[in-house]
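Engineer: The structure's right below; bear with me while I get my questions together.
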Amino acid sequence: MLLGLWVAALAATLLGARAISLPKKVCTSLRAGSGERTGRTGRNTGPPPVELSTSAEKFKPGQNITVSLNGRPGVQVQRFAVQAREINSYHSVGTFVNQPTAAQTIGCGHQNDTIISLPGNVTATTNLSLTWAAPNHTGIGDVEFIANVRQVGDASWARLKSRQVRQIEPDFPPINMTECGTVKGCFRYGKKDCTAETCTYAMSYRTEGEDAIFELAADTDGWVAVGFSSDRMMNGDDVLACVNARKGRRVEFRHYYNNHHRPALIPDNNPMVGLGAMVRDGRIYCRFTRPRKVNNDNYSLDLDATWYFLYTWGPTNDGNMMRHTLKSPPTSYRKVIITAKVDDQRDSANPTTYSSLLLCSAILLCQLFQQ
């Protein structure tokens with residue numbers, strides 16, 4: 001098992017890659033279970049001489065946690081593989097954000113979700129400290145860390161487990177739509193002066209330093225999104241979405257980029273940081289930040305420029321975003337800058353207020369999540 005991981009890491013080194021995707025069989029060899037001592041002397045089901053521990057019992061979205069491998073006196077760790085998983089699942093979560101000497105981050109489910117020592121590592125340590133960053137989305141539940149470890153010598157310990165670390169669900173203060181047009185900009189689709197709890201779709205935005213803060217709500221328990229477009233033609237557009245991936249257990253903050261009407265999920269280059277989400281009474285609510293300008297990122301548009309805003313929402317199926325609810329979703333009438341405190345209200349019962357141009361543009365928006 002461990003040999004396969006170390007060989008894969010060697011391949012990454014020879015190819016000059018900092019992160020690679022491993023075969024499923026290799027990644028799942030870190031399955032949860034009791035520690036086992038394997039080697040020339042056979043098996044031993046007693047407690048291993050290496051402890052896998054965490055600096056916290058709970059975590060919030062985006063929080064860093066220190067993960068440690070500590071050997072008993074006289075026990076030194078030479079090779080290792082560590083991954084965080086949802087409880088009772090092979091689904092890897094989070095990323096490792098530091099890289100000790102002679103170590104390599106690799107991708108099993110997504111980029112940098114697993115860290116292993118490199119082949120030929122001759123450095124041994126009694127205490128190894130790693131930094132794990134929790135996902136930005138909410139609702140993943142309990143997490144545990146799984147490790148394979150080789151001591152100096154022949155002894156290898158497989159499937160070590162840490163204690164369970166629980167995600168803290170952040171409080172979700174209500175979205176205040178009374179501040180629309182004064183404190184923040186808003187878009188509302190529904191009855192006049194509707195609220196986040198009654199609008200068919202509601203979105204607010206404001207700036208705070210170098211960041212933009214968004215709040216979204218929609219009359220669906222599936223997904224809700226806002227996009228930014230130069231021409232409403234769905235080509236080269238930046239889309240920020242909140243997706244109820246597991247029907248109340250997880251609301252994910254996803255970044256998409258549209259290219260010729262085909263949305264591409266950008267999971268490893270996501271500038272969004274979740275501030276909370278909630279699904280209640282068949283409605284989805286979420287709040288997140290995004291830098292106004294993301295340097296060295298061709299997929300995140302500069303929000304200090306003006307863009308057409310695109311407003312969409314719809315159902316999910318097995319965590320996948322399905323076709324949006326409206327055949328012709330609304331867009332902003334004109335280009336908007338993120339610092340503008342407008343209160344754009346649309347009457348969902350009177351769609352004739354849209355111009356023919358808006359209807360044609362919105363039809364193109366329909367293709368956003370059809371592909």
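Engineer: Condition test on residue 172, is it touching a residue at least 24 places away in the same chain (Cβ under 8 Å) and in a strand (DSSP E or B)?
Structural biologist: So residue 172 fails the test.
Engineer: If you don't mind, there's one more thing I want to ask. Being assigned to a loop (DSSP other than H, G, I, E, B) and open to solvent by 60 Å² or more (accessible area, probe 1.4 Å) is the filter here; which residues of region 308-333 pass it?
Structural biologist: Those that are assigned to a loop (DSSP other than H, G, I, E, B) and open to solvent by 60 Å² or more (accessible area, probe 1.4 Å): 318, 322, 323, 325, 327, 333.
Engineer: Take region 203-225 and flag every residue that is within 11 Å of residue 284 (Cβ to Cβ), surrounded by 22 or more Cβ atoms within 10 Å (Cβ to Cβ) and more than 18 Å from the chain's Cα centre (by Cα).
Structural biologist: 217, 218
Engineer: If you go through region 249-258 one residue at a time, do you hit one that is within 24 Å of residue 186 (Cβ to Cβ), open to solvent by less than 10 Å² (accessible area, probe 1.4 Å), at pLDDT 95 or above and within 17 Å of the chain's Cα centre (by Cα)?
Structural biologist: No: zero hits.
Engineer: Follow-up. Is it the case that some residue within region 143-158 is of a type in the set (S, T, N, Q), open to solvent by 20 Å² or more (accessible area, probe 1.4 Å) and assigned to a loop (DSSP other than H, G, I, E, B)?
Structural biologist: no
Engineer: Please verify whether residue 361 is surrounded by 16 or more Cβ atoms within 10 Å (Cβ to Cβ), at pLDDT below 90 and not in a loop (DSSP other than H, G, I, E, B), treating the condition exactly as stated.
Structural biologist: yes
Engineer: Sticking with this one: Please state which one of 346, 280, 254 is in contact with a helix residue (DSSP H, G or I) (Cβ under 8 Å, 6 or more places away or on another chain) and of a type outside the set (A, V, I, L, M, F, W, C).
Structural biologist: Going through 346, 280, 254 in turn, just one is in contact with a helix residue (DSSP H, G or I) (Cβ under 8 Å, 6 or more places away or on another chain) and of a type outside the set (A, V, I, L, M, F, W, C): 346.
Engineer: Related question: Name the one entry in 188, 163 that is open to solvent by less than 30 Å² (accessible area, probe 1.4 Å), modelled with pLDDT of 90 or more and either closer than 25 Å to residue 61 by Cβ or outside any loop (DSSP other than H, G, I, E, B) (or both).
Structural biologist: Exactly one residue qualifies, and that residue is 188.
Engineer: Of all residues in region 42-101, count the ones that are over 31 Å from the mean Cα position of the chain (by Cα) and not hydrophobic (A, V, I, L, M, F, W, C).
Structural biologist: Number satisfying all stated conditions: 14.
Engineer: Where residues in region 113-135 are within 24 Å of the chain's Cα centre (by Cα) and buried (at least 20 other Cβ atoms within 10 Å of the Cβ), which of them is farthest from residue 276 (Cα to Cα)?
Structural biologist: 116
Engineer: Taking residue 172, is it among the aromatic types (Phe, Trp, Tyr) and surrounded by fewer than 23 Cβ atoms within 10 Å (Cβ to Cβ)?
Structural biologist: yes
Engineer: Can you work out which of the residues in region 279-290 that are open to solvent by 10 Å² or more (accessible area, probe 1.4 Å) and over 16 Å from the mean Cα position of the chain (by Cα) is farthest from residue 173 (Cα to Cα)?
Structural biologist: Looking at the filtered set, the residue picked out is 282.
The values are calculated or read from the model by the stated rules, or taken from the named source; none is laboratory data. On a predicted model such as this, the values are computed, not experimentally measured, just so you know. When we count neighbours, we look across all protein chains shown, and the Cβ atoms used for this are built from the backbone with ideal geometry, even at glycine. Ligands, DNA and RNA are excluded from the accessible area calculation, which covers all protein heavy atoms including side chains. Shrake-Rupley method; radii C 1.70, N 1.55, O 1.52, S 1.80 Å.
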